[in-house]
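Colleague: The structure is given below, and queries will be raised subsequently.
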Amino acid sequence: MNEDDLPPQKPEPEVGERKTMADLIASLGTDLRSGLTSASAADRLMRFGPNEVPEKKTHPFLLVAKKFWGLTAWMLELIIVLSFILRKYPDAGIVAALLVMNAVISVLEEKKAAGAVEALKKELSVNARTLRDGAWTIIHARELVPGDVVRLRAGDIVPADVEVAAGALAVDQSALTGESLAVEKGAEDLLYSGSVIKRGEATGVVLRTGAGTKFGRTVELIQVARPKLHMEEVVTKLVRWLLLIVGALLALTTAVSVARDMALLEILPLMLVLLLSAIPVALPVMYTVSMAVGARELAKRSVLVTRLSATEDAATMDVLCVDKTGTLTLNELSISQVIPVGPFTEREAVLFGAMASQEANRDPLDLAFIRQARERGWLDPGDVQESFTPFDPATRKTEAVVRRGDHRFHIMKGAVSVIAGACGLGPEDEQTLELRVGDLSKRGYRTVAVAVAEGGKPAVVGLVALSDSPRPDSKQLIEELHALGVSVKMLTGDALPIAMEIAGALGIGKDISRVSDLKDLLKTDPTTALRQMEKSDGFAEVYPEDKYMIVRSLQAAHHVVGMTGDGVNDAPALKQAEVGIAVNNATDVAKSAASVVLTSEGLSGIVELVKNGRKVYQRINTWILNKIMRTILKSTFVVGVFLVTGDFVISAFAMVLLLLMTDFMKISLSTDRVQWSPSPDTWNIKAYVRVAAALGTLMVLESFAALALGQAFWRLRTSDPVIRTFSFEILLFSAVTSIFVIRERRRFWSSRPSRLLLTIMALNVIAGGLISTFGIPGLFPALPVAMTLFLFGWNLALSLILNDYVKLLLLKRMKLGGQAHHKNCTN
């Protein structure tokens, strides 16, 4: 066959389109006896490419350049330009340094992000036994091509999508499909790349390689998946509101200046001052530090955060999609129920089943019987297994001959219908057993029969129901998440009856939907399909692409979505979710795609993540609320005095100094003791603006009053240079004292600030006092100590008494505070 005549790699064909093995061999131009020739394999390698998934990389220059593009970056760049025009080079240098620092921090954070594709390459980095030029040889898996004949044995990782030509296998494909039980595969069955051979041997033909495999398409989804970064949206909204406030004040100033016949160039310094007060320069640093502090706290609780924004996203997460196999369950079979038959007991059913098992085979069914018998103390060292026939898909049973003293037992365990036939049961007895099996199947159990014979006809000992047992802490996790206001939705590849049984047992709920039904509904009525997804407690018969689709759909319905998982099949959804959580025993691909990794057994880390995220949210929320309030105060105070007197009471340099001393002081809020809320948080910027506007307006009036008192008692004039130092202290001390008010949603004394926050606040007060007392030649004239003490006392008294009371009224009216919290919610 000409290599150009080969069909392209296509997704798995629909039922009815599958070719027979003879047709497949013909279409791929291969031979089961000699395999491909070296020349043919080389041509195909050129055409189809290596058996690996190509990685999409972004140029480092573009990664850096993106940090200087965006609303906040543009405003900082405008300030730099204005500073150069006004020849205020120190101001330009300081702002440029802040811009570069923010860019560097962001790029370094992205460098730390886990590489899901690199992890996949390691998964695919295996060897394969391949038939080429009539001889078996070992080659690197990346050199496989469609048409290669391969040999697979127990313990092998399937290196590509392979169709079985001959042989029988038991395959663990739970990491890909979510099926918790090993799947029996025979001739003309398809083996997925990344599956693990548990038992048996087979020869097969490579059907698809690289990105064309089921494994490869999963990783392409990982590359496409991108979680929505809510903080970017929050920053954008915040900057818009701040610019709206400053823009309105500038428009008013411009109109008054034109009316007074002032040159517009004269208000450029004012424009620079106002822009400096409006831009949340320190927010990216505050955000990153808060995330890092939260991540460090979580690391102590065995929760590793690999994408910092996931900590904050956990605060707003209102839906958690939980993969069943390996996450809610242990991903190992265990005996759930034993139904003895006739004179036999439960003990005999389990013990005879364990006698017909071998631990060395690592067969999940055998291990379940042996583990149960060992835990109950039923195993007898005197029982000798003289012969053992492992499970065979053709016979669908396991057999063993066991000697106990002078007695010899022939034991069988396997499919109920096969064991019933071997025991010669009549139709009525067999139907009774099948009814019991049907009932157990509806409840999610896999049932096997055990029979024994001692020299004569075998008799059925009992039916043994097995299941993938839930983790001991799964039910408690779900209860705690529900109490925190997080909706839990189970995702599983199991059939609907099994999914309903497990979801009900875990307390998730029994409103389970088939994904196939939802996908059909999405095509005809997307709105109804989304509503159904929102109200469903879980989803059954789920495939990798479906998990990704479910997360995307819930996000489209304006939910902040978390996803837990452990397998390769979970990776795209883990990457897409705002909070992707890989459990302790997850595959490398799942851990790399996730934003959070649990590093110890159990699921309690998920609850810790939510609580910690809500505390981080409160810290950032305090910074934002304070920033809006301070912008209103500084802008209105400076513009108000300018409109009344025509003079600037504070210079651009003083505003930059205030920026460094107050905005960056508030970075220490990232260590503050705060409360976690009992329900998911939301970024309601408009409501925060209303609260901050009211408090900011009150503080403006207080600042004007302080200025008026200074003019009355110390005869200060706006033309007097000392007025600039006086105004600087008004704004500095109000910034420091307002922290006590805004950090606490209850009365300011309800919780104590962190030691670091108190220390930095004290240092700011001391530094401000020293600058004012001794002055800075050419910039700050010295101020009498009495003025400094008056201004500090004035701001402290008004903040802790009047402003704190007004805050309570505003938060209650806006329904942003006043929630009951447990005493242990602070840290």
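The values are calculated or read from the model by the stated rules, or taken from the named source; none is laboratory data. Computed from a predicted structure; not experimentally measured. Cβ placement follows ideal geometry from the backbone for every residue including glycine, while neighbour counts extend to all protein chains displayed. What goes into the accessible areas is simple: the full protein's heavy atoms, side chains included, and nothing from ligands, DNA or RNA. Shrake-Rupley method; radii C 1.70, N 1.55, O 1.52, S 1.80 Å.
Colleague: Enumerate the calculated ³J(HN,Hα) couplings along segment 461-467 in order (Karplus 6.51 cos²θ - 1.76 cosθ + 1.60, θ = phi - 60°), each rounded to whole Hz, writing x wherever the residue is Gly or Pro.
Modeller: These are the phi-based 3J(HN,Hα) values: 8, x, 9, 10, 9, 10, 8 Hz.
Colleague: Non-local amide H neighbours of R132 (under 5 Å, H modeled in plane, Pro and chain starts lacking H): which ones?
Modeller: T137
Colleague: Just in segment 280-384: which chymotrypsin sites (Phe, Trp or Tyr not before Pro) are loop by DSSP and have at most 15 other Cβ atoms within 10 Å?
Modeller: Filter output for segment 280-384: W378.
Colleague: Right, here's the next one. May I ask you to give the solvent-accessible area per residue for the chain, in square angstrom, as obtained with a 1.4 angstrom probe?
Modeller: Accessible area per residue, the chain: 42 Å².
Colleague: Give me the distance in nm between label points sitting 7 Å out from Cα along the Cα-to-Cβ direction at R362 and L796, one decimal.
Modeller: Between R362 and L796, the simple spin-label model gives 6.9 nm.
Colleague: Pairs to check: K397/K547; K397/K510; K300/K686; K397/K442. Give those whose C-alpha atoms are more than 30 Å from each other in this structure.
Modeller: Over 30 Å apart, Cα to Cα: K397/K547; K397/K510; K300/K686.
Colleague: Can I ask one more? Tell me, what % of the accessible area of segment 362-423 is carbon and sulfur with a 1.4 angstrom probe?
Modeller: That fraction is 49 percent.
Colleague: Continuing with this model, one more query. Output wanted: per-residue J couplings in Hz (rounded whole) for segment 623-630, from phi through Karplus 6.51 cos²θ - 1.76 cosθ + 1.60, θ = phi - 60°, x for Gly and Pro.
Modeller: Values, residue by residue: 4, 5, 4, 5, 5, 4, 4, 5 Hz.
Colleague: Through the Karplus equation 6.51 cos²θ - 1.76 cosθ + 1.60, θ set to phi - 60°, convert the phi angles of segment 337-347 into ³J(HN,Hα) values in whole Hz; use x for Gly and Pro.
Modeller: 8, 10, 10, x, 10, x, x, 7, 10, 4, 4
Colleague: Please state the relative contact order of the chain as a whole percent: Cα pairs under 8 Å, 6+ residues apart?
Modeller: 12 percent
Colleague: Something else now. Rank by packing, highest mean first: peptides 458-464, 754-760, with packing defined as the count of other Cβ atoms within 10 Å averaged across residues.
Modeller: Ranking, from highest mean packing down: 458-464, 754-760.
Colleague: OK, next. Please list, in chain and number order, the residues 5+ apart from V674 or on another chain whose amide H is under 5 Å from its amide H, with Hs placed from the backbone.
Modeller: For V674, whose amide H was placed from the backbone, the distant partners under 5 Å are N827.
Colleague: Same structure again: Can you give the accessible area of I502 in Å² (nearest 10), computed on protein heavy atoms with a 1.4 Å probe?
Modeller: Answer for I502: close to 30 Å² accessible.
Colleague: Does segment 441-527 classify as rounded, prolate or oblate by the C-alpha gyration tensor (a ≥ b ≥ c root eigenvalues; a/c under 1.5 gives rounded; else a/b over b/c gives prolate, otherwise oblate)?
Modeller: The shape class here is oblate.
Colleague: State the percentage of accessible surface on segment 575-710 attributable to carbon and sulfur atoms; use a 1.4 Å probe and exclude ligands, DNA and RNA.
Modeller: Of all accessible area on segment 575-710, carbon and sulfur atoms account for 58 percent.
Colleague: If you don't mind, there's one more thing I want to ask. Distance between Cα centroids, segment 334-372 to segment 697-736: provide it in whole Å.
Modeller: 85 Å
Colleague: Based on the Kirkwood radius over alpha-carbon pairs, what is the Stokes-Einstein translational diffusion coefficient of segment 265-417 at 10 °C with 1.306 mPa s viscosity, in µm²/s?
Modeller: 74 µm²/s
Colleague: Shape verdict for segment 623-703, please, from the Cα gyration tensor: rounded (a/c under 1.5), prolate (a/b greater than b/c) or oblate.
Modeller: oblate
Colleague: Using +1 at the C-beta of Lys and Arg and -1 at the C-beta of Asp and Glu, which of S257, H410, G462 has the Cα lying farthest in the positive direction of the dipole of the chain?
Modeller: The Cα lying farthest towards the positive end belongs to S257.
Colleague: Taking amide H atoms as placed 1.01 Å from N in the peptide plane, list the residues 5 or more away in sequence, or in a different chain, whose amide H sits under 5 Å from that of E201.
Modeller: It is A168, by chain and number.
Colleague: Among all the aspartates and glutamates, which ones have a C-alpha under 15 Å from K591's C-alpha, if same-chain residues fewer than 8 places away are not counted?
Modeller: E118, E123, D323, D566, D570, E578, E601
Colleague: Let me ask something else about it. Taking square-rooted eigenvalues a ≥ b ≥ c of the alpha carbon gyration tensor, is the chain rounded, prolate or oblate, where a/c under 1.5 means rounded and, failing that, a/b exceeding b/c means prolate?
Modeller: prolate
Colleague: Another question, then. Stick to the Cα atoms of segment 609-747, pair each with every other, and give me the Kirkwood hydrodynamic radius in Å at one decimal.
Modeller: Every distinct Cα pair counted, the radius reaches 16.3 Å.
Colleague: Something else: What figure, in Å² to the nearest 10, do you get for the accessible area of F61 with a 1.4 Å probe and non-protein molecules left out?
Modeller: Using a 1.4 Å probe on the heavy atoms, I get roughly 140 Å².
Colleague: At S27 and A39, where each label point lies 7 Å from the Cα along Cα→Cβ, what is the point-to-point distance in nanometres?
Modeller: 2.7 nm
Colleague: Something else: Relative to the compact-globule scaling 2.2 N^0.38 Å, provide the ratio for the alpha-carbon radius of gyration of segment 543-694.
Modeller: 1.49
Colleague: While we're looking at this one, here's another question. Please give the Cα centre distance for segment 561-619 versus segment 77-94, rounded to the nearest Å.
Modeller: Between the Cα centre of segment 561-619 and that of segment 77-94, the gap is 44 Å.
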